[in-house]
1. Give the residues of the stretch 397-433 that are assigned to a loop (DSSP other than H, G, I, E, B) and surrounded by 12 or more Cβ atoms within 10 Å (Cβ to Cβ), sorted by residue number.
2. Under the condition of being of a type in the set (Asp, Glu) and on the phi < 0 side of the Ramachandran plot, which residue from the stretch 404-433 is farthest from the chain's Cα centre (by Cα)?
3. Restricting attention to the stretch 231-264, which residues are buried (at least 18 other Cβ atoms within 10 Å of the Cβ) and of a type in the set (A, V, I, L, M)?
4. Hey, does the stretch 83-93 have a residue that's at pLDDT below 95, within 30 Å of LYS36 (Cβ to Cβ) and not basic (Lys, Arg)?
5. Given the criterion in a loop (DSSP other than H, G, I, E, B) and among the charged types (D, E, K, R), identify the matching residue among ASP188, ASP197, ASP176.
6. Among what's in the stretch 265-315 and is modelled with pLDDT under 95 and buried (at least 20 other Cβ atoms within 10 Å of the Cβ), pick the residue that is farthest from CYS387 (Cα to Cα).
7. With respect to GLU328, determine if the residue is at pLDDT 95 or above and of a type outside the set (Lys, Arg).
8. For ALA100, indicate whether it is at pLDDT 95 or above and either under 17 Å from the mean Cα position of the chain (by Cα) or charged (D, E, K, R) (or both).
Amino acid sequence: MTITITDLGAIGDGQTRNTGIIQQAIDTCANAGGGKIVIPAGRFLSGSIRLRSNIEMHLESGAELISSLDPADMTDFLKDLEAEDDNRDTGWEGGCFLFARHEENITISGSGRIDGRGREVFFEDETDGGSHESPLKVRGFRPRTSFLEDVRNLTVKDVTFYDAAFWTLHMAGCRDVLIENIRIDNNDRGPNNDGIDPDSCQNVIIRGCKIKCADDCIVMKTTAPMTKKYGPCRNILISGCILHSRSSALKIGTETWGDIHHVTMSDCILEDCTRGIGIWSRDGGRISDIMVHHVTGNTLRYRDRVKQDSEVVVWWGKGEPVFLSATERAGVSRIPGVIEHVVMDHLSFSCEGAIMIAGEQSAPIRDVRISDSAFLWRKQGSLYPDCLDEQPSARGVYRHKVPAVYIRCGENISLEDHVSITVDASLKEYITV
């Protein structure tokens, strides 16, 4: 069965709410055993859309599916989530645009785009000294672009996600996932507008994607409520992506309540990122068997907001190409967890911050090998290296001479087989080798 939403009366003027018509099309197909929902060319405003099993939502060329920013139009997915988890406080904001829970065989496809309208919740208040590099400020309600929980056989391909107000593609407890050839084009100063978040997911392939955002581009994690229900995050394959982020391009953590293992990241290009490859252990989970191959690009330090009130918003990271961190959160006495069995090779970076591998006596980082790689420290941004950054943690950001390689509480850490470390004249006074 194929249903084109305009055949049911949908109006693509960018102002008329089409929530009921789109949901009617989905429910009709699902009740008939499955089918395709076609979003044709036009600008279709909608509130929350609940995707169901055996449905393909296809956006044709010229189609825009636009998220409402009215809380009354949006499903508060936290209500059901908290009910299932004994009212566990997740710390998440409620409300999402595309929503699914306990479904299978869902596809989002096509050459159209999904608009999260982040430009209407982010704003410039000129408190960054005129650099226009710091995180923007936030006002009003901002829903996730998607929250897809416990979906088996999920495919997202070819579509563009545009200007997310909060997390873009949040997959929680999903199995057998293919994310292919999508574009995520977010504001690269917008707080919390992550690209792709596999949370306690298994058997995930992410390939051929181009992602721009302020927060992490692709970040694997095990949040407390999701890992409790769905177990570890494992068997993740990421390849052939082009990534730009003012946080981390390729990241594991910081939410690590459950284990994360068997992850391969390869053949990616990172452009003007705050951090390149990052692994955070904070909440007790074991992170292991991580492989990173053939990643190239550059990392640099961006300016933070000038402190003019009690709220200071800063970027996490100071231009580190590789960052592995196992340490306690601020105000929390909890052993972070384990990072071990990490192999990286054929990395090529221009960078401004340290290769940082920093554990604690209670949580050493073990068995890390970097080989056949080249790192060049050269001036790229407007600031000079003068500190180390372990946010979010009890250590925070602190003044420190910046070495090319910083290792603390590491066991069996090796840089071998043609690892080149070069400091350009522009940073000779600031980077120690």
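The values are calculated or read from the model by the stated rules, or taken from the named source; none is laboratory data. What you are looking at is a predicted structure, and each value in this text was computed from that prediction instead of being measured. Quick reminder, even Gly has a Cβ in these numbers, built from the backbone with ideal geometry, and neighbours come from all protein chains shown.
1. First pass over the stretch 397-433, keeping only residues assigned to a loop (DSSP other than H, G, I, E, B): 400-401, 404, 409, 424, 428-430, 433.
Residues satisfying the conditions are HIS400, LYS401, ALA404, CYS409, ASP424, TYR430.
2. Here is the first cut: in the stretch 404-433, the ones of a type in the set (Asp, Glu) are 411, 416-417, 424, 429.
Narrowing the set further to residues that are on the phi < 0 side of the Ramachandran plot leaves 411, 416, 424, 429.
Working: GLU411: 29, GLU416: 30, ASP424: 31, GLU429: 34 Å.
In this case the residue turns out to be GLU429.
3. ILE236, ILE238, LEU243, ALA249, LEU250, ILE252, ILE260, VAL263
4. Of the stretch 83-93, the ones at pLDDT below 95 are 83-93.
Within this subset, residues satisfying the condition of being within 30 Å of LYS36 (Cβ to Cβ) are none.
No, the stretch 83-93 contains no residue that is at pLDDT below 95, within 30 Å of LYS36 (Cβ to Cβ) and not basic (Lys, Arg).
5. Numbers: ASP197 fails: in a loop (DSSP other than H, G, I, E, B); ASP176 fails: in a loop (DSSP other than H, G, I, E, B).
Criteria check complete, one pass: ASP188.
6. Keep residues of the stretch 265-315 that are modelled with pLDDT under 95, which gives 303-315.
Within this subset, residues satisfying the condition of being buried (at least 20 other Cβ atoms within 10 Å of the Cβ) are 305, 315.
Values: ARG305: 17, TRP315: 13 Å.
Within the stretch 265-315, the match that is farthest from CYS387 (Cα to Cα) is ARG305.
7. Working: at pLDDT 95 or above: yes; of a type outside the set (Lys, Arg): yes.
Against the criterion (at pLDDT 95 or above and of a type outside the set (Lys, Arg)), GLU328 qualifies.
8. Numbers: at pLDDT 95 or above: yes; either under 17 Å from the mean Cα position of the chain (by Cα) or charged (D, E, K, R) (or both): no.
Judged against the criteria, ALA100 is not a match.
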